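So the structure is just underneath, and the comments pick up after that.
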Amino acid sequence: MKVVEHHHLMKGRKKIGIKYCGGCNPTYERVEMVQRVKHKLKDQFLFLQHDQQNLDVLVLINGCIRACADKNLNQIKDPHRSIIRESDFESLIDWLASFNDKGEKI
């Protein structure tokens, strides 16, 4: 029965794909930032790996301005946002909240 309840909670949530860079020279704690985003937005979204099917949006988490996570993504069809510094946190929150409010792809 718990599986059914959990599936029910996931059903209406938007799917956010997360792709991290390789982490060779990060200027901030990338994983911690994603954890803060998840905490702040609570149960509004389902956060998945970037290579999952049927994502609504993709968030590219880069540790520095080189933006390595953006590379080799020539065929991105989903709306996406590239993060390169800690100060991008609030703009990411606003972008995701806007997406959720619209109820459609950005």
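Some notes on this structure:
- Descending by average beta-carbon neighbour count within 10 Å, the peptides 13-24, 79-90, 58-69, 31-42 line up as 58-69, 13-24, 79-90, 31-42, the highest first.
- Region 2-102 - share of DSSP beta bridges that are antiparallel (%, nearest 5): 0 percent
- For the residue pairs Lys38/Lys102; Lys14/Lys40; Lys14/Lys71; Lys19/Lys102; Lys42/Lys71, alpha carbon separations beyond 21 Å are given by Lys14/Lys71; Lys19/Lys102; Lys42/Lys71.
- Unit charges on C-beta of K, R, D, E only; dipole of region 2-102, Debye: 200 debye
Quick note: the coordinates plus some simple rules give every number you see, no bench work behind them. Keep in mind the model is a prediction, meaning the values are calculated, not measured. Methodologically, a virtual Cβ is constructed for each residue, glycine included, from the backbone with ideal geometry; neighbour enumeration extends over all protein chains shown.
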